[in-house]
1. How large is ³J(HN,Hα) for each residue in the range 104-110, as worked out from phi by the Karplus curve 6.51 cos²θ - 1.76 cosθ + 1.60 (θ = phi - 60°), to whole Hz, x for Gly and Pro?
2. First select every other residue whose beta carbon is under 14 angstrom from the beta carbon of Leu39; then total the charges, Lys and Arg +1, Asp and Glu -1.
3. Over the range 53-190, with the other protein chains present, what is the accessible area per residue in square angstrom, probe 1.4 angstrom?
4. Which lysines, on any chain, are close to Lys165 with Cα under 21 Å apart, when same-chain ones fewer than 8 places away are left out?
5. Dividing the Cα convex hull volume of the range 29-123 by residue count, how many Å³ per residue is that?
6. The range 19-104: which chymotrypsin sites (Phe, Trp or Tyr not before Pro) are DSSP loop and have at most 14 other beta-carbon atoms within 10 angstrom?
7. Considering every pair of different Cα atoms, what Kirkwood radius, in Å, is found for the range 86-141?
Amino acid sequence: MLITCNIETLENATISNSVTLVPRLEYSVNLLDGIIEILKKKRHELKKLNKFLVTDFDETDMAHLKAIELERITSFSLDLLSQIKKRIGKISGVNSIPEILPTSIPLVRTVSAQLFDFLPNCSQKLSELSVHLGSIVLDSAVLTKARFDFSQSNEKSSILLNEVKLMVDSKINKQYPNLDFSKACNNWQY
């Protein structure tokens, strides 16, 4: 079966797709803001609970190690999502979406995986966010005739991931000066 399509219909479809990007992007930002708020509260709660570890840390106590690791995961997730929010804030039009958003999607998935056991509700919301951002990227690419280099996008994601990891590890080291962080990382087995 052949479907006929005229240019007027195609132009209207393009305009219609363009208009639907803004509400989906706004929804994605609101979803991201909600997740960031949850993580801020969780990080504050964990810092209060772990305060005693500043002086009484025992690197052979798995409960102590797990407490530090949960705080590290929370800080890492929060910092990474804050970076993603900054990137989304740089979107100035449909043409900038394919340049800005593709690197964010693997990062959102990484955070979702990190939070899966610890904060499953946030993990689920991040999976939803990933789907929305992916659809926005694809629709904007169709509208702008953009092409993607996934290896370059993955490389940029990896660089940001490593930068945030180093920042968070540095913060944890400063917060818990009695913790031999490199040794503790080797003991985490959960």
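1. These are the phi-based 3J(HN,Hα) values: 6, 4, x, 5, 4, 5, 5 Hz.
2. On the way: positive: Lys40, Lys41, Lys42, Arg43, Lys47, Arg72, Lys85, Lys125; negative: Asp33, Glu37, Glu45, Glu71, Asp79.
Combined, the nearby Lys, Arg, Asp and Glu give +3.
3. Details: 7350 Å² over 138 residues.
Using a 1.4 Å probe on heavy atoms only, each residue of the range 53-190 averages 53 Å².
4. Lys40, Lys41, Lys42, Lys47, Lys66, Lys85, Lys86, Lys156, Lys174, Lys183
5. Residue-normalised Cα hull volume stands at 98 Å³.
6. Working: sites: Tyr27, Phe52, Phe57, Phe76; in loops: Phe52, Phe57.
Hits after loop and neighbour filter: Phe52.
7. On the way: mean 1/r = 0.0859 Å⁻¹.
One over the average 1/r among Cα pairs gives 11.6 Å for the range 86-141.
The values are calculated or read from the model by the stated rules, or taken from the named source; none is laboratory data. Given the structure is predicted, the values throughout are model-derived calculations rather than measurements. Every residue, glycine as well, gets a Cβ built from its backbone with ideal geometry; the counts of neighbours run over all protein chains shown. Keep in mind that these areas ignore ligands, DNA and RNA; they rest on the heavy atoms of the full protein, side chains included. Shrake-Rupley method; radii C 1.70, N 1.55, O 1.52, S 1.80 Å.
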